[in-house]
Amino acid sequence: MVKSLRGMNDIIDSNKFQYFLQTATNVAQNYGYSYIETPLLEETALFKRSVGESSDIVGKEMYQFIDKGGHDVCLRPEGTAGVVRAFIQNKLDKAGGKYKFFYHGPMFRYERPQKGRLREFHQFGVESFGEISVYEDMNIIMMVCDILNNLNIDFKLKINSLGDSNCMPQYRENLLEFLENHLDDICDDCVRRKDTNPIRVLDCKNNKCQTLYENAPKLLDNLCPSCDEDFKILQNLLISNNINFEVDPNLVRGLDYYSKTAFEFISSGIGAQNAIAGGGRYDRLVEFLDGKATPAVGFAIGVERLLELIELPEDERDGWYFGALDEQYISLILSLSYKKRKNQKAVVSLKPRTLKAHLKAADKENARYCAIIGENEFQDHKIWIKDLYQKSESVIDFDTI
Ligand code: HAM
């Protein structure tokens, strides 16, 4: 038997998935965001230049191949790069103004599959272009909080500031000097990171490295006055809006395009892969991809990780169930359900059954009304209806249904 690829799952029970999408879409629209859809396949160069060649995503995890036309392409590992490309390609950067997009869809990373870590997974993300103010970072964080709160999901928010082109280069130098002085004490991965993207050493999972980095220069001690001021404003906004958070000076994120605010939402209920959303500001990416310099900030939620945490609200009984006691009345209930379905949900049983069996099936469908036709009803031009919520019965003319 041919099976799905490792780390790629079918979504058979889609109720939670739909419930999540509707909730997140409502929140994004309430914040003034509009839907954008970009291709699943893009030129590999797009991700090399945005997510960064030194990142694990581009370095090890791309579904990359040469297409029949000889182009180097790959399945998107994340959504931001494609949206930024579309933003530039459609000349929105030149038009100026503010643009706010949300999107959802599958992303692909050739990671080692485990609980919460898939090779094909879904993200719901937003990208806001043209707002330089840290108040927009707050808006974006509030949006994630609204989505998670509406879904009744507990979370922990971690924030950090990565500095900007003023303060980051000097910090990088300071950190490099520290690493050069401790080359014998750091793991092989950190030796590699030192040469590609040094700040990524800060979230190394090796205990020995972590103990050593307690004495390394700190990002937050090296922020320039403007980054420092913005980071303070963000913290005050979070406090005044009663959003609990923790400053995590080692939060550097796995993608290279961030500057200033970076954040992650963590859940304690899903095991080791506990980041349910991540994002931050990426003010230089548009320019870096040859667009007109435009500040931007966004986030993405990992849908599969959230599905583990979502409890569906109890469904209210809704719509109709039509059944016949005899084969010859099935065409009639088919027509009646067709009429009903113009404005309501109506399922129809295509097999004659006993009344008891129909009532059981209607209950399973969570229908509000169970409508049945048998010989007596047919003779009288009537249909028998049970309201499964009020537990009342009635018989009405089937022309009036
Ligand atoms: P990210 O942190 O790489 O950020 O991914 C966002 C979320 O996607 C993660 O927090 C996690 O919930 C989920 N996720 C990532 N990898 C996997 C996986 N292998 N299996 C299951 N879930 C996964 C981004 O992708 C950025 N584009 C977010 C962003 C938007 N930043 C600015 N705008």
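The values are calculated or read from the model by the stated rules, or taken from the named source; none is laboratory data. On a predicted model such as this, the values are computed, not experimentally measured, just so you know. Quick reminder, even Gly has a Cβ in these numbers, built from the backbone with ideal geometry, and neighbours come from all protein chains shown. Just the protein is used for accessible areas: all its heavy atoms, side chains included, with ligands, DNA and RNA removed. Shrake-Rupley method; radii C 1.70, N 1.55, O 1.52, S 1.80 Å.
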### Message
Are there strands (runs of 3 or more DSSP E) fully within region 57-131 with at least 1 residues that are closer than 20 Å to residue 265 by Cα, open to solvent by less than 40 Å² (accessible area, probe 1.4 Å) and assigned by TED's automatic domain parsing to the domain that holds residue 31? List them.
### Response
99-108, 120-129
## Note on the structure
Scanning region 2-31 residue by residue, those of a type in the set (Val, Ile, Thr), over 16 Å from residue 151 (Cα atoms) and away from the ligand (no atom under 16 Å from the Cβ) turn out to be 2, 12
### Query
Taking only pairs six or more apart or across chains, which ones have beta-carbon atoms under 6 Å, a first residue in region 167-182 that is closer than 14 Å to residue 202 by Cβ, and a second residue that is polar (S, T, N, Q)?
171/222
### Task
Determine whether residue 293 is outside the structural domain of residue 126 (by TED's automatic domain parsing), more than 16 Å from the ligand (Cβ to nearest atom) and outside any helix (DSSP H, G or I).
no
### Summary
(1) modelled with pLDDT under 95; (2) in the same structural domain as residue 124 (by TED's automatic domain parsing) all hold for residue 340 apart from (2)
### Query
Within region 179-228, how many residues turn out to be more than 20 Å from residue 161 (Cα to Cα) and of a type in the set (A, V, I, L, M, F, W, C)?
8
### Task
From (1) open to solvent by less than 50 Å² (accessible area, probe 1.4 Å); (2) over 30 Å from residue 315 (Cα atoms); (3) among the polar types (S, T, N, Q), pick out the condition that doesn't hold for residue 25.
(2)
### Task
Can you confirm whether region 330-338 contains a residue that is within 16 Å of the ligand (Cβ to nearest atom) and open to solvent by 30 Å² or more (accessible area, probe 1.4 Å)?
no
### Message
Take residues that are more than 30 Å from residue 15 (Cβ to Cβ) and tell me which of the helices (runs of 4 or more DSSP H) falling wholly in region 324-401 contain 1 or more.
### Response
330-340, 375-379
### Query
If residue 38 satisfies every condition in (1) surrounded by fewer than 18 Cβ atoms within 10 Å (Cβ to Cβ); (2) in the same structural domain as residue 298 (by TED's automatic domain parsing) but one, which is the exception?
(1)
### Task
Give just the number: which of (1) in contact with a Ser or Thr (Cβ under 9 Å, 6 or more places away or on another chain); (2) away from the ligand (no atom under 16 Å from the Cβ); (3) in a loop (DSSP other than H, G, I, E, B) does residue 309 not satisfy?
(2)
### Task
Confirm whether residue 271 is assigned by TED's automatic domain parsing to the domain that holds residue 103, open to solvent by 20 Å² or more (accessible area, probe 1.4 Å) and under 30 Å from residue 52 (Cα atoms).
yes
### Message
I need the full set of residues from region 113-140 which are over 19 Å from the mean Cα position of the chain (by Cα) and within 8 Å of the ligand (Cβ to nearest atom), in order please.
### Response
none
### Task
Determine whether region 340-353 contains at least one residue that is away from the ligand (no atom under 16 Å from the Cβ) and over 25 Å from residue 400 (Cβ atoms).
yes
### Query
Do we find that residue 312 is touching a residue at least 40 places away in the same chain (Cβ under 8 Å), under 30 Å from residue 106 (Cα atoms) and loosely packed, with under 15 Cβ neighbours inside 10 Å in this structure?
yes
